[in-house]
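> Submitted below is the structure of interest, expressed as structure tokens.
The values are calculated or read from the model by the stated rules, or taken from the named source; none is laboratory data. All of these numbers come straight from a predicted model, not from anything done at the bench. Cβ sites come from the backbone with ideal geometry, for glycine too, and all protein chains shown count toward neighbours. Just the protein is used for accessible areas: all its heavy atoms, side chains included, with ligands, DNA and RNA removed. Shrake-Rupley method; radii C 1.70, N 1.55, O 1.52, S 1.80 Å.
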Amino acid sequence: MRCSRKKRAIVSVVLMCFAINVFTACGINEKELGTDSKIYVAVIAKSTTSEYWKTTFAGANAASAEYNLDVSFEGPENEEDYETQNRMIRRAIDNGANAIVFSAVDYNANAKAIDEAVGAGVKVVVIDSDVNSDLVSCRISTDNYKAGQMVGEAVLAGGEEALNVGIVNFDKNSENGQQREKGFRDNVAGNERVKIVSSINVNSTTEEAKAGTIKMLQENPDINIIVTFNEWTSLGVGYAVQELNLADEARVVAFDSNVISVGMLETGEVDALIVQNPYAMGYLGVEYAWMLTNGEKLRETDIDTTTTLITRENMYEPDNQKVLFPFD
């Protein structure tokens, strides 16, 4: 049964990657000006390589097909490169984008370019990670503070007498990670069982998260709980626990899901996953961009998408299987 689930997940990922490659081959990543009169929406993400963002793009593409839009999909190679994002925003303006669906690498450093876009008449919808601009028309994301509280609930649900916590967060300039950590800290504050032993921020890559986690655990061998807040850091933490052979000693509450992290949930390197709904973010982001460009009144301007706590005990429940493997 375990192998069949992984195979289905792998097939899903391959199909998503194939679809995105088809979009690229058809020219959807580069707007060709003057080819038709369709509304053009530029989707600019924090990166393009993770399963999280591939799923977001799949949702955005479904909406673009439903509403007959031209949609481009792009993002920098890593989730720290706000300068490339700013260039992408300005290129979308130059290419005549009617709307931009945007997830900010840097809450403050992306703000000026977004304000320029709105000043040029482009509608902006934020998904996933916020930007410091009052000119954004709509925000669609996880309730990141509440998701952080869910991490706290999962940590407190354990039976350990002492919860010695290590925090592995990503870029301090990314608003969603900071809100998740704040929600976690507020939830466990004052609980006598909890001691936050160490807290680190790393670049949002598997390699840096793994290296940072190994160093943290070697310097603080009393840590028995690790919390982390996005897909890349979750993988890095899982690999660190695997390399140090600490699956039985350290409980890990992590974020997002892909084939590898779900496998880690099965084998014990990860004990719980807070799983977001990136497909809905992508779909709703493009749908609301379409509504804005057509002058329609928005139903809401701040939209929270669903978040689910998946544990080893509940991961095989049918509803949770749909959350983990949305394309099966």
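> Would you confirm, using the coordinates I've provided, whether residue 301 is within 22 Å of residue 45 (Cβ to Cβ), touching a residue at least 40 places away in the same chain (Cβ under 8 Å), among the β-branched types (Val, Ile, Thr) and open to solvent by 60 Å² or more (accessible area, probe 1.4 Å)?
Numbers: within 22 Å of residue 45 (Cβ to Cβ): yes; touching a residue at least 40 places away in the same chain (Cβ under 8 Å): yes; among the β-branched types (Val, Ile, Thr): yes; open to solvent by 60 Å² or more (accessible area, probe 1.4 Å): yes.
Considered against the rule, which asks whether it is within 22 Å of residue 45 (Cβ to Cβ), touching a residue at least 40 places away in the same chain (Cβ under 8 Å), among the β-branched types (Val, Ile, Thr) and open to solvent by 60 Å² or more (accessible area, probe 1.4 Å), residue 301 comes out as yes.
> Every residue in region 312-322 that is open to solvent by less than 70 Å² (accessible area, probe 1.4 Å), within 18 Å of residue 154 (Cα to Cα) and out of contact with any helix residue (DSSP H, G or I) (no Cβ under 7 Å at 6 or more places or on another chain), please. Break it down stepwise before answering.
Step one: of region 312-322, the residues open to solvent by less than 70 Å² (accessible area, probe 1.4 Å) are 314-315, 320-321.
From the residues that got through so far, the ones that are within 18 Å of residue 154 (Cα to Cα) too are 314-315, 320.
320 - this is the single residue of region 312-322 that is open to solvent by less than 70 Å² (accessible area, probe 1.4 Å), within 18 Å of residue 154 (Cα to Cα) and out of contact with any helix residue (DSSP H, G or I) (no Cβ under 7 Å at 6 or more places or on another chain).
> Could you check region 174-211 and list, in sequence order, the residues that are among the small types (Gly, Ala, Ser) and open to solvent by 20 Å² or more (accessible area, probe 1.4 Å)? Write out each step before concluding.
In the first step, residues of region 174-211 are kept if they are among the small types (Gly, Ala, Ser); the result is 174, 177, 183, 189-190, 198-199, 204, 209, 211.
The answer is 189, 190, 198, 199, 211.
> Can you work out which of the residues in region 149-167 that are over 22 Å from residue 219 (Cβ atoms) and assigned to a loop (DSSP other than H, G, I, E, B) is most open to solvent (accessible area, probe 1.4 Å)?
Kept after step one, since they are over 22 Å from residue 219 (Cβ atoms), are these residues of region 149-167: 149-154, 156-159, 161.
This time we only want the ones that are assigned to a loop (DSSP other than H, G, I, E, B), so: 157-159, 161.
Values: 157: 85, 158: 15, 159: 80, 161: 168 Å².
Of everything passing the filter in region 149-167, 161 is most open to solvent (accessible area, probe 1.4 Å).
> Collect the residues in region 238-255 that are in a helix (DSSP H, G or I) and either at positive phi or open to solvent by less than 10 Å² (accessible area, probe 1.4 Å) (or both), keeping them in residue-number order.
Taking region 238-255 first, the residues in a helix (DSSP H, G or I) are 238-244.
Within region 238-255, 238, 240, 241 meet the criteria.
> Which residues, counting only those in region 216-237, are touching a helix residue (DSSP H, G or I) at 6+ places or on another chain (Cβ under 9 Å) and either open to solvent by 20 Å² or more (accessible area, probe 1.4 Å) or among the small types (Gly, Ala, Ser) (or both)?
Of the residues in region 216-237, the ones touching a helix residue (DSSP H, G or I) at 6+ places or on another chain (Cβ under 9 Å) are 216-218, 223, 225-237.
Answer for region 216-237, where residues must be touching a helix residue (DSSP H, G or I) at 6+ places or on another chain (Cβ under 9 Å) and either open to solvent by 20 Å² or more (accessible area, probe 1.4 Å) or among the small types (Gly, Ala, Ser) (or both): 218, 232, 234, 236.
> Within region 186-194, is there a residue that is without any contact (Cβ under 8 Å) to a residue 60 or more places away in the chain, part of a loop (DSSP other than H, G, I, E, B) and among the acidic types (Asp, Glu)?
Residues of region 186-194 that are without any contact (Cβ under 8 Å) to a residue 60 or more places away in the chain, as a first pass: 186-194.
From the residues that got through so far, the ones that are part of a loop (DSSP other than H, G, I, E, B) too are 189-193.
Narrowing further to those that are among the acidic types (Asp, Glu): 192.
Checked region 186-194: at least one residue is without any contact (Cβ under 8 Å) to a residue 60 or more places away in the chain, part of a loop (DSSP other than H, G, I, E, B) and among the acidic types (Asp, Glu).
> Looking at (1) open to solvent by 50 Å² or more (accessible area, probe 1.4 Å); (2) touching an Asp or Glu at 6+ places or on another chain (Cβ under 7 Å), which is the one condition that is false for residue 258?
(1)
> Hey, another quick one. Output the residues belonging to region 138-165 that are of a type in the set (S, T, N, Q) and within 16 Å of residue 44 (Cα to Cα). Lay out the reasoning, then the answer.
Applying the first criterion (of a type in the set (S, T, N, Q)) to region 138-165 yields 141-142, 144, 149, 164.
The one that is of a type in the set (S, T, N, Q) and within 16 Å of residue 44 (Cα to Cα): 141.
> A further question on this structure: Among all residue pairs at least 6 apart or on different chains, which show Cβ distances below 7 Å where the first residue, located in region 121-136, is in a loop (DSSP other than H, G, I, E, B) and the second is of a type in the set (Gly, Ala, Ser) and at pLDDT below 95?
Close Cβ pairs satisfying both conditions: 129/174.
> What number of residues in region 83-113 are within 16 Å of the chain's Cα centre (by Cα) and among the hydroxyl-bearing types (Ser, Thr, Tyr)?
2
> If we keep just the residues of region 78-113 that are acidic (Asp, Glu) and outside any loop (DSSP other than H, G, I, E, B), which is most open to solvent (accessible area, probe 1.4 Å)? Spell out how you get there, then give the answer.
To start, the set of residues in region 78-113 that are acidic (Asp, Glu) comprises 79-81, 83, 94, 106.
Next cut, outside any loop (DSSP other than H, G, I, E, B) only: 83, 94.
Values: 83: 102, 94: 122 Å².
Step by step, filter region 78-113, then rank; the result is 94.
> Okay, next question. What number of residues in region 269-295 are of a type outside the set (A, V, I, L, M, F, W, C), open to solvent by less than 10 Å² (accessible area, probe 1.4 Å) and not in a helix (DSSP H, G or I)? Even if it seems obvious, please write down each step before you answer.
Filtering region 269-295 for residues of a type outside the set (A, V, I, L, M, F, W, C) gives 269, 271, 276-279, 282-283, 285, 287-288, 293-295.
When the remaining residues are screened for being open to solvent by less than 10 Å² (accessible area, probe 1.4 Å), the result is 282, 285, 288.
Pick out the ones that are also not in a helix (DSSP H, G or I) and you get none.
Count: 0.
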